[in-house]
Amino acid sequence: MKKPVKCIACGKIDENHTLYDSTLPEDQRFQMLVTSDGVNPTLCFECYDELLECVARLYQLFNEDTERMIEMISRSDILHCLQNKLCL
């Protein structure tokens, strides 16, 4: 039996195992974020949509310069500031 997963943002539990159900549309199931450290956290579809909206706004703020955006937000001082502002 598949182990239920939990949204890292809101704590909602994937009781119906939607993460693994490829028959459901993406906007109706949990999403796994593949990370370089191998942790691969999951988000419910509402939080995932919100994350995509935030990234899209950041992309616009950096004038669609992905490389510059990643360079800036990966700096520890800016990341620390964002974490404080977002209460992470």
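The values are calculated or read from the model by the stated rules, or taken from the named source; none is laboratory data. Quantities reported herein were computed from a predicted structural model and do not represent experimental measurements. No Cβ is skipped: glycine too gets one built from the backbone with ideal geometry, and neighbour counts run over all protein chains shown. With ligands, DNA and RNA removed, areas are computed over all heavy atoms of the protein, side chains included. Shrake-Rupley method; radii C 1.70, N 1.55, O 1.52, S 1.80 Å.
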Quiz item: Within the stretch 34-51, can one find any residue that is over 15 Å from the mean Cα position of the chain (by Cα) and exposed (fewer than 12 other Cβ atoms within 10 Å of the Cβ)?
Solution: no
Quiz item: Looking at (1) open to solvent by 60 Å² or more (accessible area, probe 1.4 Å); (2) over 14 Å from the mean Cα position of the chain (by Cα), can you tell me which one F62 breaks?
Solution: (1)
Quiz item: Which pairs have Cβ atoms under 8 Å, sit 6 or more apart or on different chains, and link a residue in the stretch 13-40 that is within 18 Å of K3 (Cβ to Cβ) and without any contact (Cβ under 8 Å) to a residue 40 or more places away in the chain to one that is assigned to a loop (DSSP other than H, G, I, E, B) and open to solvent by 90 Å² or more (accessible area, probe 1.4 Å)?
Solution: H17/K2; Y20/K2; N40/V34
Quiz item: Is it the case that L24 is at negative phi, surrounded by 10 or more Cβ atoms within 10 Å (Cβ to Cβ), within 18 Å of the chain's Cα centre (by Cα) and not acidic (D, E)?
Solution: no
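Identify, from the list I70, I8, the residue that is among the β-branched types (V, I, T), touching a Ser or Thr at 6+ places or on another chain (Cβ under 7 Å) and either open to solvent by 60 Å² or more (accessible area, probe 1.4 Å) or modelled with pLDDT under 90 (or both).
When all the criteria are applied, what remains is I8.
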Quiz item: Does E46 satisfy the condition of being free of Cβ contacts under 8 Å to residues at least 12 places away in the same chain and not hydroxyl-bearing (S, T, Y)?
Solution: no
